[in-house]
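Shown next, in structure tokens, is the structure this report addresses.
The values are calculated or read from the model by the stated rules, or taken from the named source; none is laboratory data. Please read all numbers here as calculations on a predicted model, not as lab measurements. Here Cβ is always computed from backbone atoms with ideal geometry, including for glycine, and neighbour counts include all displayed protein chains. Remember, those area values only see protein heavy atoms, side chains included, never the ligands or the DNA or RNA. Shrake-Rupley method; radii C 1.70, N 1.55, O 1.52, S 1.80 Å.
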Amino acid sequence: MFDKLKINKKYLNIGLITLMIGVLLLFVYQVSRHSVDIFLFFKNLFFNFLAVISPIIYAFIISYILYRPLLFIEHYFKKLWDRWTKRSLSPKTYRLISLLILVIVVFGTITLLIKSIVPPLFQNLLTIGEDIPNFQTILTEWLSKLAPYFKLIHITENQIHQLTTYITGFLSGFLTKIFASGTGMVTNVATFFINLFATLILTFYFLKDKESIFIAIDKIATVTLSINTKLKIKRFLKDVHEIFGGFILGQLLDALIVGIASTILLLIIGHPFALLIGFIAGITNVIPYIGPIIGAVLAFILGLFTSVKLGLLGALLLIIYQQIDGNFVQPKILGESVGLAPVWIFMAILIGGNYLGAFGMILAVPIVALLKLYIERRLVKLQNQN
């Protein structure tokens, strides 16, 4: 009887295992059949969640960028106040007054930029849209003059025509996207202002109560994490701050300098789209290697609206200045470089751009630099063990 029971138990276990394997295989089959739908579901879920918390993310980024200027204002305000009044205020009062000064400076700068830069930029875009047919004629005539040289490298007149059509089509599409995005912002004006208001309020409190927020986070980490895990996370965040913070803030400052310098150089030679090109050159300069090329190419293409000579001169001036910036100005601003060979930087830009566009190109370099740092630390640790 017991032998029979043992045999039955043996078959029962085999049956249960077979059933579990069958259920698992069925689950895998169903997942593989609906893998695209499942991926889209989680993708939409993730991006919807990001949209909900976007004011928090934007506020964190803005407060991170503005924190150093706030400390600068606070330091000098405290020094001047103590010297003039011979009495001290509480740290919270110093912070609040310094923050109000920063808010006035930032909003004053934004208002000035909107009034002085936005109308000319908009006018530049309208001029490009109106002059595209004329631009195509100028470009075709110029390329036709170079036709004998193109024939030597087996480029036909039909291919030249296709090139001019592609360039003018690209410019038309670019303008259409810009005006369409502007229209989209107007139609979503309520959501935009709600998110903007939330971002501004959160930024204010992040800057005002930064130290107390960090103390609260530290207390939560002490309660929920082990000492070793907490130290590892703190070290990781310190590394991220040193690599990302230094790189991103340095690149933003350099982009501002490049934008102003490019605009001034193009204004000197009478380029009609100096402000637009300087604006785009400054923004794209945060993308290593590729960004500076975009400004020079744009100076050449938009210069053709006036003449080939102006286009070539504009591109040449920007290339010369970008060499000066890359070799002298940028190293001074960024201090120590990220320590990556150009080939690694270029591969990082390609991979980051493929997955996250321009945003990925910007973040790719510090991410690879961070990985390099941890690989080197691991290598040193292994060498010390041996």
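Give me the 1.4 Å probe accessible area per residue for the stretch 1-127, excluding ligands and nucleic acids, in Å².
Values: 10390 Å² over 127 residues.
Value returned for the stretch 1-127: 82 Å² of accessible area per residue.
Let a ≥ b ≥ c be the square roots of the eigenvalues of the Cα gyration tensor of the stretch 67-108; is it rounded (a/c under 1.5), or, if not, prolate (a/b larger than b/c) or oblate?
Values: a/c = 2.08, a/b = 1.94, b/c = 1.07.
Verdict is prolate for the stretch 67-108.
Where a ≥ b ≥ c are the square roots of the eigenvalues of the C-alpha gyration tensor, would you call the stretch 19-114 rounded, which needs a/c under 1.5, or, failing that, prolate if a/b is larger than b/c, or oblate? Please list the in-between numbers first.
Values: a/c = 7.01, a/b = 3.28, b/c = 2.13.
It is prolate, given that a/c is not under 1.5 and a/b is the larger ratio.
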For Phe107 paired with Ile201, estimate the spin-label separation in nm (one decimal), with each label point 7 Å from Cα along the Cα-to-Cβ line.
1.6
Going down the table (Lys210/Lys232; Lys86/Lys208; Lys208/Lys372; Lys79/Lys219; Lys208/Lys238), which pairs top 30 Å between alpha carbons?
Lys208/Lys372; Lys79/Lys219
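Round to a whole number: what % of the accessible area of the stretch 203-286 belongs to carbon and sulfur, probe 1.4 Å? Could you put the intermediate results ahead of the total?
On the way: 3600 of 4740 Å².
Exposed carbon and sulfur together represent 76 percent of the surface.
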For the stretch 181-325, with the dipole built from +1 on Lys and Arg beta-carbon atoms and -1 on Asp and Glu ones, taken about the Cα centre, which of Phe236, Gly314, Ala261 lies farthest toward the positive end?
Phe236
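Which whole-number percent of Cα pairs in the stretch 24-70 have a distance greater than 14 Å? Present the calculation step by step, with values, prior to reporting the outcome.
Working: 726 of 1081 pairs.
Here the tail beyond 14 Å accounts for 67 percent of pairs.
I'd like the FRET efficiency for Lys234 and Ile97, computed as 1/(1 + (r/R0)^6) with the beta carbon distance as r and R0 of 41 Å, rounded to 0.05. Could you put the intermediate results ahead of the total?
Working: r = 31 Å, r/R0 = 0.76.
Plugging the Cβ-Cβ distance into 1/(1 + (r/R0)^6) gives 0.85.
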Burial ranking of peptide ranges 209-222, 272-285, 65-78, 232-245 (average Cβ count within 10 Å, highest at the top):
272-285, 65-78, 232-245, 209-222
Alpha-carbon Debye profile of the stretch 234-334, log10 I(q)/I(0) at 0.13, 0.15, 0.23 Å⁻¹
-0.45, -0.57, -1.08
Considering Cα pairs under 8 angstrom that are at least six residues apart, work out the relative contact order of the stretch 195-340 and quote it in whole percent.
19
Suppose the chain between Leu373 and His75 were pulled fully straight at 0.36 nm per residue; how much longer would it get relative to their current alpha carbon spacing?
104.0 nm
Alpha carbons only, please: Rg and Dmax for the stretch 345-386, in angstrom.
13.6, 43
